[in-house]
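This report concerns only the one structure given below.
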Amino acid sequence: MSAIPEPKEFSALADQALAKLRAGNERFVSGEARFPTVCKETLADLARGQSPFATILGCSDSRVPPELIFDANFGELFIVRVAGNVVSPEVMGSLQYAGAHLRTPLFLVLGHEGCGAIKAALACKFGGVQERSRIQTLINNILPGLPDFGDEVPESARLTSAIEANVRWSMRQLLETPEGQNAQRLGARFLGAVYEISTARVRFLE
Ligand SMILES: [Zn+2]
């Protein structure tokens, strides 16, 4: 086992990881994605273990596969996908595993344009629409992070704003845990982003 890096060193690794994600999305957008292939040697490496450089909490939506939009190879990204990129105990467990055992320096919460889970949560909050049992459980998880909108805010703007707010809500829940705070102290970086389906671009949130 390698030595645990100093916080400064670890946060430099987080910066490198972010640069890799940005560069990968740039290749994807410009049609220069490498698309991973495997050979005997890489398979042997992968069979020995994993050492991903980033952890991503993303949505299950079929249009938002992180490996493709970041042009990442096998073994590079540790990914949890769940509708609405919501945080639940199992999600937290997977992310904690990524932090404690895989020691990924970067955690990215990735929402996306046109997210159906967020649309449903808005319909619930502002229209009283109830979904089927388990779906509603998921929606209930999103509701506390939704903004309050005045009547003047049009529907399209509501969705855009709610998608971003939901990313921040998931991040907040992660960062408020003792594990999240400890990870930050050790130099890990938590970041939010929104994938724009119509342009294939990832917009990182400040
Ligand atoms: Zn979605």
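Per the listing A19, A14, A47, A23, the residue uniquely more than 18 Å from G111 (Cα to Cα) and either touching a Lys or Arg at 6+ places or on another chain (Cβ under 7 Å) or in contact (Cβ under 8 Å) with a residue 60 or more places away in the chain (or both) is A14. For region 53-70, a residue qualifies if it is over 12 Å from R201 (Cα atoms) and either of a type in the set (G, A, S) or not in a helix (DSSP H, G or I) (or both), and the qualifying residues are F53, A54, T55, I56, L57, G58, C59, S60, D61, S62, R63, P65. A residue that is more than 16 Å from the ligand (Cβ to nearest atom), at negative phi and touching a Pro at 6+ places or on another chain (Cβ under 6 Å) can be found somewhere in region 77-87. Give me a count of the residues in region 1-46 that are surrounded by fewer than 16 Cβ atoms within 10 Å (Cβ to Cβ), more than 19 Å from R63 (Cα to Cα) and either at pLDDT below 95 or in contact with a Pro (Cβ under 9 Å, 6 or more places away or on another chain) (or both). Number of matching residues: 22. Conditions first: (1) within 14 Å of the ligand (Cβ to nearest atom); (2) in contact with a Leu (Cβ under 8 Å, 6 or more places away or on another chain). V91 passes all but one, so which condition is the exception? All conditions are met except number (1). When region 94-133 is filtered for residues that are within 16 Å of the ligand (Cβ to nearest atom) and in a helix (DSSP H, G or I), the ones remaining, listed by number, are G116, A117, I118, K119, A120, A121, L122, A123, C124.
Across region 64-80, not a single residue is classified as of a type in the set (S, T, N, Q), closer than 22 Å to A12 by Cα and buried (at least 20 other Cβ atoms within 10 Å of the Cβ).
On the stretch given as region 165-203, residues that are in a helix (DSSP H, G or I), touching a Pro at 6+ places or on another chain (Cβ under 9 Å), closer than 19 Å to N85 by Cα and charged (D, E, K, R) total 0.
Residues are listed down the side, and each one gets a yes or a no for (1) in a loop (DSSP other than H, G, I, E, B); (2) more than 24 Å from A183 (Cβ to Cβ):
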site	(1), (2)
F10	no, no
D15	no, no
A19	no, no
R34	yes, yes
L46	no, yes
S51	yes, no
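The values are calculated or read from the model by the stated rules, or taken from the named source; none is laboratory data. Just so we're clear, the structure is a prediction, and the values are computed from it rather than from any experiment. Positions of Cβ are backbone-derived with ideal geometry, glycine not excepted, and every protein chain shown enters the neighbour counts.
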